[in-house]
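Input: a single structure, listed below in structure tokens.
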Amino acid sequence: MSNGQELLELSPVVPVVVVDDAADAAPVARALLAGGIRVIELTLRTPAALEAIEQVASAVPGIVIGAGTVTTPEQAKQATDAGAKFLVTPGCTDRLLEAVSGTGLPFLPGAGTVSEAMRLAEQGLTAMKFFPAEPSGGVAFLKAIAGPLPRLRFCPTGGITVGSAPSYLALPTVGCVGGSWLTPKDALAAKDFDRITALAKEAAALG
């Protein structure tokens, strides 16, 4: 992958995964892969996240492993060193943009307003994360900005469900959606990986 646009084509749904135990990461990745999802975004929200990325990168080569919730330059480097193949940020400051760009990895910078999206476009970026999608206006917002900003494409994330995902995916400016519903907390706690595979199959069919 050479740019963020290619990230939008990997899967109709990008699982946004939070793990508290790094030992769960590889089984979760295998469960998603078995369901037809070949990408996973492990968020840097827990102390186990970097080790979890390492586990998936080494043990599940069939899935494209990325790091989400990258909020600092230090995290961008740490995630890259851990084996992440792409980076996702919830928003984007000048310093963070320089850092993620400097890793050489494809990335999706976060934007939640028209001005933020335009500012990223000025830097030559046309693929972005729209976050938080539902609180920021959802499908109606993306429809509204498609007129003035037709070249931009998005991965909306935040509050999206299996029920609302199709309305996002129907938009020409949406390449994929990010969703946490594929790996529910109770399924992870119970190590119910069969349930995760079933949810992955349902999500893969949305494409």
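The values are calculated or read from the model by the stated rules, or taken from the named source; none is laboratory data. Every value quoted in this text rests on a predicted model; they were computed, and no experiment measured them. When we count neighbours, we look across all protein chains shown, and the Cβ atoms used for this are built from the backbone with ideal geometry, even at glycine.
Taking the conditions (1) touching a Lys or Arg at 6+ places or on another chain (Cβ under 7 Å); (2) closer than 25 Å to residue 22 by Cβ; (3) of a type outside the set (Ser, Thr, Tyr) in turn, residue 127 satisfies each one other than (2).
For the range 175-187, which residues satisfy the criterion of being surrounded by fewer than 20 Cβ atoms within 10 Å (Cβ to Cβ) and closer than 17 Å to residue 23 by Cα? Before you say what the answer is, go through the steps one by one.
Of all residues in the range 175-187, those surrounded by fewer than 20 Cβ atoms within 10 Å (Cβ to Cβ) come to 180-181, 184-187.
184, 185, 186, 187, listed by residue number.
Applying a threshold of 7 Å to beta carbon distances and a minimum spacing of six or more residues, or different chains, the list of pairs starting in the range 189-207 at a residue that is modelled with pLDDT of 95 or more and ending at one that is surrounded by fewer than 14 Cβ atoms within 10 Å (Cβ to Cβ) reads 206/166.
Of the candidates 112, 68, the single residue that is of a type in the set (Gly, Ala, Ser), at pLDDT 95 or above, closer than 21 Å to residue 47 by Cβ and touching a Ser or Thr at 6+ places or on another chain (Cβ under 7 Å) is 68. Of everything in the range 121-173 that is under 13 Å from the mean Cα position of the chain (by Cα) and of a type in the set (A, V, I, L, M), the residue that is surrounded by the fewest Cβ atoms within 10 Å (Cβ to Cβ) is 127.
Among the residues in the range 40-61, are any surrounded by fewer than 19 Cβ atoms within 10 Å (Cβ to Cβ), out of contact with any His (no Cβ under 6 Å at 6 or more places or on another chain), assigned to a loop (DSSP other than H, G, I, E, B) and touching a residue at least 60 places away in the same chain (Cβ under 8 Å)? No, every residue in the range 40-61 fails to be surrounded by fewer than 19 Cβ atoms within 10 Å (Cβ to Cβ), out of contact with any His (no Cβ under 6 Å at 6 or more places or on another chain), assigned to a loop (DSSP other than H, G, I, E, B) and touching a residue at least 60 places away in the same chain (Cβ under 8 Å).
For the range 181-198, taking the residues that are assigned to a helix (DSSP H, G or I) and out of contact with any helix residue (DSSP H, G or I) (no Cβ under 8 Å at 6 or more places or on another chain), the one that is farthest from residue 134 (Cα to Cα) is identified as 189.
Scanning the range 188-201 for residues being surrounded by fewer than 16 Cβ atoms within 10 Å (Cβ to Cβ) and closer than 17 Å to residue 177 by Cβ gives a total of 1.
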